[in-house]
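J.: Structure incoming, see below.
The values are calculated or read from the model by the stated rules, or taken from the named source; none is laboratory data. Just so we're clear, the structure is a prediction, and the values are computed from it rather than from any experiment. Ideal geometry is used to build each Cβ from the backbone, glycine not excepted, and the neighbour counts take in all protein chains shown.
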Amino acid sequence: MEANQFREFGKTMIDYVANYLENIRDRRVLPTVEPGYLRPLIPSEAPQKPDSWKDVMDDIERVIMPGVTHWHSPKFHAYFPTANSYPAIVADILSDGIACIGFSWIASPACTELEVVMMDWLGKMIGLPEEFLACSGGKGGGVIQGTASEATLVALLGAKARAIHQVKKEHPDWRDADIAEKLVGYTSSQSHSSVERAGLLGGVKLRGLPTDDSNRLRGDTLEKAIKEDRDAGLIPFYAVATLGTTSSCTFDNLEEIGPVCNDNNVWLHIDAAYAGAAFVCPEYRYLMKGVEMADSFDFNPHKWMLVNFDCSAMWLKDPNWLVNAFNVDPLYLKHDQQGSAPDYRHWQIQLGRRFRSLKIWFVLRLYGVENIQKHIRKQIGLAHYFEKLVKSDERFEVTEEVLMGLVCFRLKNETNEVNERLLKRINARGTIHLVPSKIRDMYFLRMAVCSRLSEESDMEVTWKEVRESADDVLEKKVN
Ligand code: PLP
């Protein structure tokens with residue numbers, strides 16, 4: 001493809017994307033296709049001779065769109081939001097145009113240096129303590145990971161390296177593998193599945209601890225577990241606290257957990273994948289009180305801060321545990337300025353990395369902090385509006401305190417099976433899309449405010465769907 005064709009194709013695609021997003025409400029949120037729908041729609045082999053870009057454009061509606069779940073529709077309320085904004089899309093075009101692989105400073109100095117500064121901007125915006133920021137002049141700093149799952153694993157690997165190093169000082173004759181076998185980490189039964197997975201991938205034990213009646217991990221529970229494990233000859237080394245759990249958007253009690261971790265030399269990682277974006281609004285920072293006691297912190301601008309996937313913002317107070325622990329340094333990756341700026345290849349699992357800080361830069365400049373705060377406040381306001389609608393109907397109950405953009409609810413005095421039927425009915429009607437969760441055997445529905453385009457009128461459509469589906473289920477019009 002020549003540059004002239006690229007100009008035409010690119011402009012056509014920009015128009016297509018703008019039209020898609022502006023009219024997304026008109027599409028059915030969940031596709032109706034069956035598995036295997038796509039193969040018959042395209043040739044069984046790649047074309048020998050090139051197709052025209054116009055042919056490709058035509059196939060988007062014919063082949064792709066019938067199988068797309070429209071995550072950015074205001075009728076999509078499943079999981080948590082994933083971000084989508086025009087400035088981030090444009091930044092990704094530039095990133096793809098530059099197409100550098102910024103694994104070290106010299107591999108593209110702008111890629112590394114913009115990331116360092118953007119992580120400082122973001123950290124200041126959400127009120128992180130100075131120790132996490134590169135601009136403090138201390139050891140701390142931020143890095144963009146692909147996902148919160150990677151951040152949890154990377155933090156665990158750093159914690160594991162620190163623990164092994166410290167134990168070896170006392171027991172120089174112990175082998176790494178013997179120490180690793182004794183290591184034990186902690187999280188709550190409500191944390192994301194990626195935390196358990198980090199334990200499996202990192203080859204260490206990870207205990208899921210019970211929560212209090214409000215689904216929060218408490219300090220005394222953690223302290224008791226650490227003591228039990230110490231008494232059993234194990235070495236507690238890592239804990240993950242969640243700010244904004246996936247099931248119910250609950251916040252672990254950091255003010256209690258932090259001192260327990262610090263007193264016991266346990267690395268504390270905070271997973272604030274979704275809710276961390278809300279700390280851009282000072283009124284929500286009470287939910288992260290105690291953050292100064294953490295060793296690492298992560299949230300996903302790609303969830304709720306208008307930066308398209310993938311962009312997970314992670315800060316470490318002392319990245320050296322990572323940088324030094326996994327430092328393999330072949331000649332072809334070395335450069336003369338080594339040590340004077342981060343070489344981000346040491347802060348992550350893979351080598352290659354895209355120029356992701358561009359999309360943070362574009363979004364922060366083109367929205368401004370003010371409009372990002374407005375976005376968060378508006379979405380939380382919409383969740384409270386939906387909560388009010390649910391509470392206005394005596395058949396329903398809201399099962400968790402609504403703090404962010406998530407409302408957990410169910411049919412009151414009805415069994416889990418009836419609530420499962422309600423969800424099935426809602427999704428079968430096809431206008432909106434929700435997913436469920438279950439805590440302590442209680443099944444409930446989750447309504448997450450996901451689309452940046454959501455308005456009160458959308459919440460009313462969603463509520464009408466829920467109400468009418470409940471009529472159908474309770475009046476036994478459907479199974
Ligand atoms: N942690 C929490 C609390 C989450 O809610 C999620 C996803 O929703 C994750 C981690 C995983 O995020 P990622 O897809 O960025 O790994």
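J.: From the set of residues in region 248-298 that are β-branched (Val, Ile, Thr) and not in a loop (DSSP other than H, G, I, E, B), which is farthest from the chain's Cα centre (by Cα)?
T.: Val260
J.: Before we move on, is Gln190 within 16 Å of the ligand (Cβ to nearest atom) and not hydrophobic (A, V, I, L, M, F, W, C)?
T.: Working: within 16 Å of the ligand (Cβ to nearest atom): yes; not hydrophobic (A, V, I, L, M, F, W, C): yes.
Answer is yes for this residue.
J.: Restricting to region 193-214, give me the number of residues that are away from the ligand (no atom under 13 Å from the Cβ) and either touching a residue at least 12 places away in the same chain (Cβ under 8 Å) or touching a Lys or Arg at 6+ places or on another chain (Cβ under 7 Å) (or both).
T.: Narrowing region 193-214 to residues away from the ligand (no atom under 13 Å from the Cβ): 199-200, 202-214.
After this cut, where a residue has to be either touching a residue at least 12 places away in the same chain (Cβ under 8 Å) or touching a Lys or Arg at 6+ places or on another chain (Cβ under 7 Å) (or both) as well, the list is 199, 202-212, 214.
Adding up the residues that qualify gives 13.
J.: Name the single residue that is farthest from Gln338 (Cα to Cα) among those in region 113-133 being more than 22 Å from the chain's Cα centre (by Cα) and touching a residue at least 24 places away in the same chain (Cβ under 8 Å). Don't jump to the end; show me each part of the working.
T.: Narrowing region 113-133 to residues more than 22 Å from the chain's Cα centre (by Cα): 113, 130-131.
Restricting the remaining residues to those that are touching a residue at least 24 places away in the same chain (Cβ under 8 Å) gives 113, 131.
Working: Glu113: 14, Glu131: 23 Å.
The qualifying residue farthest from Gln338 (Cα to Cα) is Glu131.
For (1) under 23 Å from Tyr274 (Cα atoms); (2) at pLDDT below 95; (3) among the small types (Gly, Ala, Ser), each residue gets a yes or a no:
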residue	(1), (2), (3)
Lys160	no, no, no
Ala163	no, no, yes
Lys168	no, yes, no
Asp176	no, yes, no
Lys182	no, no, no
Tyr186	yes, no, no
Gly202	no, yes, yes
Leu206	yes, no, no
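J.: Right, here's the next one. Among the residues of region 172-204, how many are assigned to a strand (DSSP E or B) and either farther than 22 Å from Thr246 by Cα or outside the structural domain of Gly258 (by TED's automatic domain parsing) (or both)?
T.: 2
J.: Could you check, for region 216-223, whether at least one of its residues is of a type outside the set (A, V, I, L, M, F, W, C), part of a loop (DSSP other than H, G, I, E, B) and either at negative phi or surrounded by 24 or more Cβ atoms within 10 Å (Cβ to Cβ) (or both)? Spell out the reasoning first.
T.: We begin by selecting, within region 216-223, every residue of a type outside the set (A, V, I, L, M, F, W, C); these are 216, 218-221, 223.
Narrowing further to those that are part of a loop (DSSP other than H, G, I, E, B): 216, 218.
Right, trim to either at negative phi or surrounded by 24 or more Cβ atoms within 10 Å (Cβ to Cβ) (or both) and you get 216, 218.
Among the residues of region 216-223, at least one is of a type outside the set (A, V, I, L, M, F, W, C), part of a loop (DSSP other than H, G, I, E, B) and either at negative phi or surrounded by 24 or more Cβ atoms within 10 Å (Cβ to Cβ) (or both), which makes the answer yes.
J.: May I ask you to list pairs of residues, at least six apart or on different chains, whose Cβ atoms are under 7 Å apart, with the first in region 244-258 being of a type in the set (Asp, Glu) and the second being away from the ligand (no atom under 14 Å from the Cβ)?
T.: Within 7 Å, the pairs are Glu255/Lys289; Glu255/Gly290; Glu256/Arg218; Glu256/Gly219.
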